[in-house]
Amino acid sequence: MGANGHHNLNKVSAAGLLITLGIIFGDIGTSPLYVFKAIIENTQKAGHGIDPELILGSVSCVFWTLTLQTTIKYVTFTLRADNKGEGGIFALYTLVKRTKVKWLLVPAIIGGSAIIAEGIITPPISVSSAIEGLRNIPALHDVMTSDRTVPIVIAIITVLFFVQQFGTGFIGKSFGPIMFVWFLMLGVVGIYHVGGNLSVLQALSPHHAINLLVNHPGGFWLLGAVFLCTTGAEALYSDLGHCGRKNIRISWIFVKTMLVLNYFGQAAWLLEHQGPLEGKNPFYELMPDWFLIPSIIIATAATIVASQALISGSFTLVNEAMRLNFWPKVRIKYPTVLKGQLYIPSVNWLLYLGCVCVVLYFRESSNMEAAYGLTIILGMLMSSRLLTYFMRIKKYPRYFVYGFVIVYLVVELSFFIANMDKFTHGGWISMMIAAFLVTLMWVWYDARKIRNRYVEFVKISDYLPLFDSLKEDTSVSKFATHLVYLTSADNKQDIESKIIYSILQKQPKRADVYWFIHVHVVDEPYRLEYKVTQLVKGDVIRVDFFLGFRVPPRINLMFRKVVEDMVKNHEVDITSRYESLNRKNVIGDFRFVVLEKYLSTDNEIPFYEKIILDIYYFLKPITLSEERAFGLDTSYVMVEKVPIVISPVRDLNMKRLDDQPPPATDATPKM
C-alpha cells in the first residue's frame with residue numbers, strides 16, 4: 001500500500017464501491033442460497049415441526065448474527081486494525097506481536113489455517129447450492145440427482161482453478177457488476193414477499209431469537225446453521241487494502257439491506273408454507289417461475305465470484321505466511337501487473353484437489369454445511385483473541401475491552417459448540433484439513449527457530465584483515481570479481497561462522513569485492529528500503545533490505561538496483577579487475593554463494609526437536625530452493641551444503657587398540 005495506504009483507506013468512489021462488491025462480499029453474499037435450507041433440514045432431521053416461532057426465531061437469529069458478528073465486530077471495530085492500510089489475520093498478528101506476548105503466535109497460525117481451509121469448502125458448497133437450483137425446474141426435478149449435479153460442479157470448479165494461472169484481470173472487471181445484479185435480485189424478490197406478510201418484521205426484535213435458543217426444542221443447536229449467514233466476514237478485513245475502509249463500510253449498508261430483505265422474504269414464504277418442504281430450497285421458491293432459470297444463472301455467476309475471492313485470498317495469505325516463516329517457500333507467479341495479483345501453483349492445485357475431494361465425498365450442498373461452519377468460527381475465535389490485544393495496544397478503555405471479550409467469547413463459543421454438534425456428520429473433515437495446515441505452519445516456524453538457535457556468529461571485523469590478504473594472494477585462483485553471500489545475521493557486525501569457513505577454508509574464494517546481503521522482514525506490508533554499510537570501503541560491503549511481509553524477495557532485481565545506485569554515487573567500482581577487461585571497462589562478474597544447511601547425524605537433540613526437524617527435512621526437498629526463493633539467477637549461484645551440528649555427541653565410549661610388544665619372558669629356568 002505504501003505511504004498512501006491510510007489515505008486510500010478513506011477514499012470513496014463509485015468505482016471503488018463497485019469493486020468492493022465484487023472482491024469482498026461474494027462469500028457472505030451467497031449465503032442466502034443455503035442458510036434457511038440448512039435450518040429447515042436440521043429441524044426436520046431432529047424430528048421437530050416447522051412452526052411460526054421457529055421461523056421468526058431463526059430469521060431473528062440471522063439478523064442479530066449479521067449485526068453482532070459482521071456489522072459490529074468486523075465493519076465497526078476490526079477494520080480499524082489496519083497495518084499501514086492492510087488487513088487480514090497475519091497483518092493483525094504483525095501489529096500485536098510487538099507486545100512480545102509469545103502465545104499470540106498460536107491464534108495467528110490456527111486462524112490462518114482455518115481461513116485457508118475455508119477456501120477448500122467455499123467453492124464446493126457455493127457452486128453446488130447454485131447448480132442444485134435446477135431441481136426447482138419441474139421438468140428437471142427428478143433428473144438432477146447428485147449423479148448429474150456433481151460432474152457439473154466439478155467442471156465449473158476445474159475451469160475456475162485452471163484460469164488462475166492467467167490472472168483474473170480479464171474477468172475481474174465483471175465481478176462488481178455481477179455482484180451488484182445479484183444483491184439487487186436478493187433485495188427485490190425479498191421485499192416482494194415481505195410486502196405480502198409484514199408480520200415477519202416482528203423478528204427484528206431479539207426476543208424471538210432468545211426464545212428460539214432457550215425454549216424451542218433443539219433451538220440452540222440451530223446456531224450451527226444460522227452461523228452460515230456470516231461466512232465471509234473475515235474477507236471484509238482480509239481485503240481491506242484492496243478496497244479501503246470507507247468503501248467497505250458504505251457498500252456494507254447496501255449489502256446488509258439486500259441480505260436482510262432476502263432472509264426476511266424467505267421467512268415470509270416459510271410462514272405461508274409450514275408443511276414438509278420435500279427438498280425444496282426456500283431461496284429459489286421466492287423466484288417467479290419465469291425468472292427461475294435466470295436466477296440460477298445469476299446465482300452460479302455469483303458463487304464463482306465468491307469462490308474466486310476465497311482463492312485469491314488464500315494466495316495472499318500463503319504469501320504472507322511464507323514471508324513470516326509460517327509456510328514452506330514455494331514458487332510464486334505474477335500473471336498480471338495488478339498490485340497484489342499473484343498466483344501460487346502449488347497452493348492452487350492443493351485447493352483444487354481439496355475442493356474436488358469435498359464434492360465427491362459430500363455430493364450434496366446440504367451435507368457440506370456441517371464441514372463449513374467449524375473452520376469459519378474457529379478463525380473468528382482466533383481473530384477475536386488478537387483483536388483484544390490490539391485494543392489494549394491502542395489503549396481502549398479497560399471496561400470496553402473486558403466487555404468485548406465477554407460478549408464475543410459467549411457469542412462465538414456458542415456458535416462453536418453448536419457447530420461441534422456436526423463434527424461426526426462431516427465437521428471432522430474441515431477440522432482435519434485445518435489441523436494439517438496448523439501442523440505444517442507450526443513445524444516450519446519452530447524448525448526455523450531451532451535451526452537459528454544453533455547458528456554460530458562471529459565478529460566480521462576479526463576477519464577483515466584476512467579478506468584483504470586473500471584478495472592480494474595471487475597464488476589462489478580468483479573465484480569472482482564480486483562475491484555475494486546471503487547472511488542471516490541481523491547485526492551488521494556479525495557474520496555466520498560457516499560463511500567465514502566457506503571463504504577462507506573450505507575452498508579459499510579470492511574476490512575483489514565481498515558483498516553480504518541480509519533481508520529483514522518488517523511489519524509494514526509494502527515497505528521496500530535498503531541500507532548500505534561499507535565495512536571496508538569499496539571492498540567489503542553489507543546491504544540490508546527492509547521488505548514488508550507482502551513484498552516478494554526478488555533479491556536479484558533489488559541487488560542490481562542497489563549496485564546501480566552505488567555506481568552513480570561513486571561508492572563502488574564494478575568494472576572487471578582483470579587487466580585485459582578493465583581496459584575495455586567490461587563489467588565484472590558477480591557470483592552468489594548460498595549455504596544450504598542440513599542436519600548433521602552427529603547430534604544428540606531432545607525428542608520433540610528431533611521430530612520437528614525430521615518433518616522439516618522430510619518436506620524440504622519439495623519446497624523451493626534458497627536461490628529460487630530469493631529470485632537469484634541460477635547461472636550465477638553456487639550452492640554449498642553445510643551441516644548443522646545442534647548438539648554434538650559428547651560421550652563416545654571408544655577405546656584405542658595399539659599394537660603392543662609381547663610381554664618379556666625370563667629365560668632363566670625356574671628352580
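The values are calculated or read from the model by the stated rules, or taken from the named source; none is laboratory data. The structure presented is a predicted model; accordingly, all values stated were derived computationally and were not measured. All Cβ positions, even for glycine, are placed from backbone atoms using ideal geometry, and neighbour counts span all protein chains on display. Accessible surface areas use protein heavy atoms only, side chains included; no ligands, DNA or RNA. Shrake-Rupley method; radii C 1.70, N 1.55, O 1.52, S 1.80 Å.
Each principal axis of segment 275-406 carries a Cα extent, and these read 55, 45, 30 Å when sorted largest first.
Answer rounded, prolate or oblate for segment 97-198, using the Cα gyration tensor with square roots of eigenvalues a ≥ b ≥ c: rounded when a/c is under 1.5, else prolate when a/b is larger than b/c, else oblate. Prolate is the answer for segment 97-198, as a/c is 1.5 or above and a/b outweighs b/c.
Couplings 3J(HN,Hα) for segment 490-496, derived from phi with the Karplus relation 6.51 cos²θ - 1.76 cosθ + 1.60 (θ = phi - 60°), are 5, 7, 5, 8, 9, 7, 5 Hz, where x marks Gly and Pro. Of the trypsin sites (Lys or Arg not before Pro) found in segment 76-133, the ones in coil according to DSSP and having at most 13 other Cβ atoms within 10 Å of their Cβ are LYS100. Simple spin-label estimate for VAL586 and ASP468 gives 3.0 nm between the two label positions (7 Å along the Cα-to-Cβ direction from each Cα). Of interest is the spacing of the C-alpha centroids, which for segment 510-565 and segment 277-317 amounts to 48 Å. Candidate cross-link partners of LYS610 among the aspartates and glutamates, defined by an alpha-carbon separation under 20 Å and a same-chain spacing of 8 or more, comprise ASP446, GLU456, GLU596, ASP602, ASP651.
Each of HIS425 and ALA14 was given a label point 7 Å from its Cα along the Cα-to-Cβ line. The distance between the two points is 4.7 nm. Close amide H pairs (under 5 Å, H built 1.01 Å from N) link GLU640 with VAL594, LEU595, GLU596, residues at least 5 positions away or on another chain.
Spatial offset of segment 404-472 relative to segment 75-128 amounts to 14 Å, using the alpha carbon center of each. For GLY588, the residues 5 or more places off, or on other chains, whose built amide H falls under 5 Å of its own are THR575, SER576.
Set the Förster radius R0 to 30 Å, insert the Cβ-Cβ distance between GLU579 and VAL532 as r into 1/(1 + (r/R0)^6), and round the FRET efficiency to 0.05. E between GLU579 and VAL532, to the nearest 0.05, is 0.60. Enter the angle in degrees (range 0 to 90, nearest 10) between the Cα long axis of helix 292-323 and the first principal axis of the Cα atoms of the chain, meaning the one along which they spread out most. Relative to the chain, helix 292-323 is tipped by roughly 20 degrees.
When the P(r) is computed for the chain, the part past 44 Å accounts for 34% of the Cα-Cα pairs.
Ranking ASP658, ASP490, ASP289, ASP523 by solvent-accessible area of protein heavy atoms (1.4 Å probe, all protein chains present), from largest to smallest, gives ASP289, ASP490, ASP658, ASP523.
Between helix 105-131 and the chain there is an angle of about 50 degrees, using the helix long axis and the longest principal axis of the Cα atoms.
The angle between the Cα long axis of helix 52-65 and the main principal axis of the chain comes to about 30°, on a 0 to 90 degree scale. Can you bin segment 217-296 into rounded, prolate or oblate? Criterion: square roots of the alpha carbon gyration tensor eigenvalues sorted a ≥ b ≥ c, rounded for a/c under 1.5, prolate for a/b above b/c, oblate for the rest. Oblate shape, in that a/c is at least 1.5 and b/c is the bigger or equal ratio. Every helix of 4 or more DSSP H residues in the chain counts as -39500 (n - 2.57), and over all residues that averages to -17000 deg cm²/dmol at 222 nm. For segment 1-135, the relative contact order works out to 32 percent when only alpha carbon pairs closer than 8 Å and six or more residues apart are counted. The residues of segment 410-536 expose, per residue, 46 Å² of accessible area to a 1.4 Å probe.
Restricting to Cα pairs below 8 Å that are 6+ residues apart, what does the relative contact order work out to for the chain? Please round to a whole percent.
Normalised by residue count, the contact order of the chain is 19 percent.
A full extension of the chain between LEU557 and THR99 corresponds to an added length of 161.4 nm, given 0.36 nm per residue minus the alpha carbon distance. Rounded to the nearest whole Hz, the Karplus-based 3J(HN,Hα) values (6.51 cos²θ - 1.76 cosθ + 1.60, θ = phi - 60°) of segment 358-375 follow the sequence 5, 5, 5, 6, 8, 6, 10, 4, 5, 7, 7, 4, 5, 7, 6, x, 4, 5, with x at glycine and proline.
Karplus-derived 3J(HN,Hα) values for segment 210-222, using 6.51 cos²θ - 1.76 cosθ + 1.60 with θ = phi - 60°, are 5, 4, 4, 5, 8, 10, 7, x, x, x, 4, 6, 6 Hz; glycine and proline are entered as x. By the compact-protein rule of thumb, 2.2 N^0.38 Å, the alpha-carbon radius of gyration of segment 373-463 corresponds to a ratio of 1.65. Between PHE220 and TYR501, full extension at 0.36 nm per residue minus the direct alpha carbon distance yields a gain of 94.6 nm. Under the combined filter of DSSP loop state and at most 15 neighbouring Cβ atoms within 10 Å, segment 367-464 retains these trypsin sites (Lys or Arg not before Pro): LYS394, LYS395. With 0.36 nm allotted per residue and the present C-alpha distance subtracted, the LEU184-GLU571 stretch has 133.1 nm of extension available. In the neighborhood of VAL62, defined by Cβ-to-Cβ distances under 14 Å, what is the net charge if each Lys or Arg adds +1 and each Asp or Glu adds -1? In short, +2. A Stokes-Einstein calculation at 25 °C with viscosity 0.890 mPa s, built on the Kirkwood radius of segment 396-542 over Cα pairs, returns a diffusion coefficient of 120 µm²/s. Sorting HIS570, HIS207, HIS242, HIS425 by solvent-accessible area of protein heavy atoms yields HIS570, HIS425, HIS207, HIS242, largest first, with a 1.4 Å probe. If both residues of a DSSP beta bridge must be in the chain, then about 35% of such bridges are antiparallel. The trypsin sites (Lys or Arg not before Pro) of segment 510-544 that meet both conditions, a loop assignment by DSSP and at most 10 other Cβ atoms within 10 Å of the site Cβ, are LYS537.
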